[in-house]
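Asker: Attaching a single structure in C-alpha cells format; questions to follow.
The values are calculated or read from the model by the stated rules, or taken from the named source; none is laboratory data. The shown structure was predicted, so the numbers you read here are calculated from the model rather than taken from an experiment. Every residue, glycine among them, receives a Cβ derived from its backbone with ideal geometry; neighbour counts consider all protein chains shown. These accessible areas exclude ligands, DNA and RNA; they are computed on the full protein's heavy atoms, side chains included. Shrake-Rupley method; radii C 1.70, N 1.55, O 1.52, S 1.80 Å.
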Amino acid sequence: MIKINKLEIENVKRVKAVKIEPTASGLTIVGGKNNQGKTSVLDAIAWGLGGNKHRPSQAERDGSVVPPYLHIVLSNGLVVERKGKNSDLKVMDPNGEKGGQQLLNGFVEELAIDLPKFMNSTNREKADILLRIIGVGEQLKQLELNEQEIYNRRHAIGQIADQKQKYAKEQPYFPDAPKEPISISDLIQQQQAILAKNGENHRKREQLNSLEYQYSQQAKEIERLKQQLATAELALSQTAKDLEIAKKSALDLQDESTEELERNIQQIDEINRKVRANLDKDKAESDANDYRMQYDKLTTEINNVRKQKNDLLNNANLPLEGLSVADGELIYNGQKWDNMSGADQLRVSTAIVRKLKPNCGFILLDKLEQMDMDTLNEFGNWLEQEGLQAIATRVSTGEECSIIIEDGYVVGQEAAEQPPVEQPKTWKAGEF
C-alpha cells in the first residue's frame, strides 16, 4: 500500500508553513484550536494528490505574496509538487521520470481524500458501493427482486385468505340442515306415491264394506228366499271365502302420514337457505385453507431467497467484520447508518474506501473530535492492525495530537525551519 512519508505545505488557505512526517500506520492527528489551519492541511493534501478538482476556491493564504507550495513524498518513491504562480503539478519517480495526474489516479482513491463525499451519500449509494467492491451487487439485486415479487404474491394471497376466513366466520351454520338442497319435485313425487297407496287402501276398505253389506243382505234374504236356498247358500259360501281373504288383507294394511312431507314442502325454502349457507361456509373455509397453504409455500420461498442473500454476503470478502447489507442499506453490528455512532460511521467508511483501491494506504479524516479518547484509541489500534495510515484533524491540544497547529505553523518547529517570507520586489527608476 502506498502511503505518505513526508509533506510540506506553504501558503495554502490558513497554513503558513507546515512540515509533517505521518506515522506509517495508525493515526496522525493534527490538533489545534478552531481557525488555525488544521483542515487546510487536509485540503492541501487532497489538492496535491487529487488534482485541481480539489483545489480550494481560495487556495492562496490571505496576505501572502508567495504562491502556494506543496511537496509530498510517497512511500513508493514518487515526489509530488505543486508550486509556482499557476500551482502546476509535477510528479517525479525515483528514477527521475516525470508523470502527471493520471499516474496519481492509478492508486489515489477519490474517496480517501474526500471521505465526506461517501459519508454524505444516500444509504443506497453507500450499499451499492460496498456491493460493487465485493462483487455481489448484481446477484444480490436479482435476489432482492425475486424476494419482492414473491412477497407481493404472498401478500395478495394472504389478503384473500383473510377475507375468505372472515366470510366463513360471519356465515351462520345449521347443524340440523341436510347436506344438499331439497328438490320440491322429489317431495311431490313422494307425496303422490303415499296418496296413491292410501287411495288403494281406501278402495280395499270400501270393497270390504261392500262385501259385508252383501253378506248381511243375503243372510236376510235366506228366510225370504227359501226357494233359492241352494243358489243363495252357494253364493254365501263363495262370499264367505272372499270375505276371509279381504279381512286378512285389511289387517295388514297400514296408512302412512304425509304430514312430514307437507311440512317439508312448506319449509323447503327455509331448509334450502340453511343448506346453501352451510355450503357457502364450508366452501369459504376450504378456500381459506387453500390460500393459507399457498401463503405458507410462498413464505418458504421467501425464506429460501433470504438465505441465499445471507449466504452471498456471508461468503463475500467484506471489508469489516459485522458489516453487511439489508434492504439496500448498510448494516454494521445490526445498526443502520443513521443509528451508528459517529465513530462507527468513520470506521465503516474507512474500511469501505480502503477496499475500493487496496493500494491506496492512506485516508484523510476531518473533525475527529467526535470521538472520545477510548474510542479514538480503539480506532487508532484498528488502523494499525489494518496497516492503514490516517491523517486526521481534531479540535484539541491534548497529548493525543501528533502535532498542533497554531496560526498556520506547527507548534514547536524551530523558527529556522519556517521558510522565509519573500518580500515583493520594488523597482527604482533606472535600476534593473
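Asker: Any residue in segment 4-15 that's closer than 14 Å to residue 390 by Cα and of a type in the set (Gly, Ala, Ser): show its pairings with residues that are open to solvent by less than 10 Å² (accessible area, probe 1.4 Å) and in a strand (DSSP E or B) at Cβ separation under 7 Å, as long as the two are six or more apart or on different chains.
Answerer: none
Asker: Restricting segment 332-358 to residues that are under 17 Å from the mean Cα position of the chain (by Cα) and open to solvent by less than 40 Å² (accessible area, probe 1.4 Å), which is nearest to residue 116 (Cα to Cα)?
Answerer: Restricting to residues being under 17 Å from the mean Cα position of the chain (by Cα) and open to solvent by less than 40 Å² (accessible area, probe 1.4 Å), the top hit is 337.
Asker: While we're on this one: Of the numbered conditions (1) in contact with a Leu (Cβ under 8 Å, 6 or more places away or on another chain); (2) at pLDDT 95 or above; (3) open to solvent by less than 60 Å² (accessible area, probe 1.4 Å), residue 5 satisfies every one except a single condition; which is it?
Answerer: Only one criterion in (1) in contact with a Leu (Cβ under 8 Å, 6 or more places away or on another chain); (2) at pLDDT 95 or above; (3) open to solvent by less than 60 Å² (accessible area, probe 1.4 Å) is unmet by residue 5, namely (3).
Asker: A further question follows. Any residue in segment 424-431 that is modelled with pLDDT of 90 or more, surrounded by fewer than 19 Cβ atoms within 10 Å (Cβ to Cβ) and of a type in the set (Lys, Arg)?
Answerer: Checking segment 424-431: not a single residue is modelled with pLDDT of 90 or more, surrounded by fewer than 19 Cβ atoms within 10 Å (Cβ to Cβ) and of a type in the set (Lys, Arg).
Asker: Give the residues of segment 311-331 that are closer than 24 Å to residue 362 by Cβ and open to solvent by less than 20 Å² (accessible area, probe 1.4 Å), sorted by residue number.
Answerer: Within segment 311-331, 320, 323, 330 qualify.
Asker: Test residue 54 against the criterion of being open to solvent by 20 Å² or more (accessible area, probe 1.4 Å) and at pLDDT 95 or above, and give yes or no.
Answerer: Numbers: open to solvent by 20 Å² or more (accessible area, probe 1.4 Å): yes; at pLDDT 95 or above: no.
Criteria not met by residue 54.
Asker: What's the total number of residues in segment 359-400 that are polar (S, T, N, Q) and either open to solvent by less than 20 Å² (accessible area, probe 1.4 Å) or modelled with pLDDT of 95 or more (or both)?
Answerer: 2
Asker: Right, next: Can you tell me which residue is modelled with the lowest pLDDT among those in segment 114-157 that are over 18 Å from the mean Cα position of the chain (by Cα) and open to solvent by 60 Å² or more (accessible area, probe 1.4 Å)?
Answerer: 132
Asker: If we scan segment 362-381, do we find a residue that is hydrophobic (A, V, I, L, M, F, W, C), touching a Ser or Thr at 6+ places or on another chain (Cβ under 6 Å) and closer than 16 Å to residue 133 by Cβ?
Answerer: Yes.
Asker: Note down all Cβ pairs under 9 Å where the first residue falls in segment 132-160 and is of a type in the set (Gly, Ala, Ser), the second is modelled with pLDDT under 90 and surrounded by fewer than 14 Cβ atoms within 10 Å (Cβ to Cβ), and they're at least six residues apart or on different chains.
Answerer: 135/317
Asker: If you scan segment 128-186, which residues turn out to be among the β-branched types (Val, Ile, Thr) and part of a helix (DSSP H, G or I)?
Answerer: Applying the first criterion (among the β-branched types (Val, Ile, Thr)) to segment 128-186 yields 129, 133-134, 136, 150, 157, 160, 182, 184.
129, 133, 134, 150, 157, 160, 184, listed by residue number.
Asker: Would you confirm whether any residue within segment 230-237 is open to solvent by 80 Å² or more (accessible area, probe 1.4 Å), within 25 Å of residue 181 (Cα to Cα) and more than 51 Å from the chain's Cα centre (by Cα)?
Answerer: Step one: filter segment 230-237 for residues open to solvent by 80 Å² or more (accessible area, probe 1.4 Å), giving 231, 233-234.
Now drop any that are not within 25 Å of residue 181 (Cα to Cα), which leaves none.
No, that holds for no residue.
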